[in-house]
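Trainee: Please see the structure below; I have some questions.
The values are calculated or read from the model by the stated rules, or taken from the named source; none is laboratory data. Nothing here was measured: the structure is a model prediction, and the numbers come from that model. No Cβ is skipped: glycine too gets one built from the backbone with ideal geometry, and neighbour counts run over all protein chains shown.
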Amino acid sequence: MIHYKNRIVIEKPQKTIFDYLTIPLYWASYLPCTVDVKPIVETELMVNNQVTEFLNVLGIKVKIQWTCTENDTLNNFVIDGKCKNFGGSTSQLSYKLLEKEGKTEVVRNIIFKQNSLIMRITEPILKLFFIFEAKVGLRKAKSIIESNS
């Protein structure tokens, strides 16, 4: 199992950030491996909404079916993912936001479990990928959000 949590502070209101991170239409703009999300969803995912994210991970095409399991429209957002590639895996991605003095701390948490014993062997390499994706993704989201007026 891979579990990675990272944080970033963005100098914009909490609601602006929450809306950006939870709208699938924007995921490919800040997540390095996301190629596309279907169906095209231009609003934040609400509980029980589903989308399929198409990724290119180290040259390997991956498809994840995400289901929103929590969305309070301001502080907490959780999606659970299932992937059938390479013996199957499950993921949980969450964002928690807290605004203080005009700045918002974003905590991104990913939990990833491989079903296949053979694929579990690759977890040390995959963890490096998850760390890269998380750090680059949040830095890029921060840059995009802060540059928009």
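Residues checked against (1) basic (K, R); (2) more than 19 Å from V37 (Cβ to Cβ):
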{"residue": "E53", "(1), (2)": "no, no"}
{"residue": "N56", "(1), (2)": "no, no"}
{"residue": "V62", "(1), (2)": "no, no"}
{"residue": "D80", "(1), (2)": "no, no"}
{"residue": "C83", "(1), (2)": "no, no"}
{"residue": "L93", "(1), (2)": "no, no"}
{"residue": "L117", "(1), (2)": "no, yes"}
{"residue": "R120", "(1), (2)": "yes, yes"}
{"residue": "V136", "(1), (2)": "no, no"}
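Trainee: Quickly run through the range 96-141 and pick out the residues that are under 11 Å from V9 (Cα atoms), part of a strand (DSSP E or B) and under 15 Å from the mean Cα position of the chain (by Cα).
Mentor: Selection gives L97, V106, V107.
Trainee: Determine which single condition D19 fails, assuming it passes every other condition in (1) touching a residue at least 12 places away in the same chain (Cβ under 8 Å); (2) surrounded by fewer than 13 Cβ atoms within 10 Å (Cβ to Cβ); (3) out of contact with any strand residue (DSSP E or B) (no Cβ under 7 Å at 6 or more places or on another chain); (4) on the phi < 0 side of the Ramachandran plot.
Mentor: Every listed condition holds for D19 apart from (2).
Trainee: Do you know which residues across the range 125-147 are modelled with pLDDT under 85 and surrounded by fewer than 13 Cβ atoms within 10 Å (Cβ to Cβ)?
Mentor: I125 - this is the single residue of the range 125-147 that is modelled with pLDDT under 85 and surrounded by fewer than 13 Cβ atoms within 10 Å (Cβ to Cβ).
Trainee: Mind listing just one residue for me: the one in the range 37-46 that is touching a strand residue (DSSP E or B) at 6+ places or on another chain (Cβ under 8 Å) and loosely packed, with under 15 Cβ neighbours inside 10 Å and, of those, farthest from G88 (Cα to Cα)? Walk me through it before giving the result.
Mentor: Applying the first criterion (touching a strand residue (DSSP E or B) at 6+ places or on another chain (Cβ under 8 Å)) to the range 37-46 yields 37-39, 41, 44-46.
Remaining after also requiring loosely packed, with under 15 Cβ neighbours inside 10 Å: 38-39, 46.
Values: K38: 20, P39: 22, M46: 25 Å.
By that ranking, first place goes to M46.
Trainee: Identify, from the list N76, N49, the residue that is surrounded by 13 or more Cβ atoms within 10 Å (Cβ to Cβ) and closer than 16 Å to N109 by Cα.
Mentor: Numbers: N49 fails: closer than 16 Å to N109 by Cα.
Going through N76, N49 in turn, just one is surrounded by 13 or more Cβ atoms within 10 Å (Cβ to Cβ) and closer than 16 Å to N109 by Cα: N76.
Rundown of residues vs (1) touching a residue at least 24 places away in the same chain (Cβ under 8 Å); (2) among the small types (G, A, S); (3) touching a Ser or Thr at 6+ places or on another chain (Cβ under 8 Å), yes/no style:
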site: F54; (1), (2), (3): no, no, yes
site: V57; (1), (2), (3): yes, no, no
site: G88; (1), (2), (3): yes, yes, yes
site: S94; (1), (2), (3): yes, yes, no
site: K100; (1), (2), (3): no, no, no
site: I110; (1), (2), (3): yes, no, yes
site: N115; (1), (2), (3): yes, no, yes
site: M119; (1), (2), (3): yes, no, yes
site: E123; (1), (2), (3): yes, no, no
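Trainee: Moving on to the next point. Considering each residue of the range 1-12, count those that are surrounded by 14 or more Cβ atoms within 10 Å (Cβ to Cβ) and closer than 17 Å to K142 by Cα, and give that number. Give the steps one after another, and end with the answer.
Mentor: Of the residues in the range 1-12, the ones surrounded by 14 or more Cβ atoms within 10 Å (Cβ to Cβ) are 2, 4, 6, 8, 10, 12.
If we keep only those that are closer than 17 Å to K142 by Cα too, we end up with 6, 8, 10, 12.
Residues meeting the conditions: 4.
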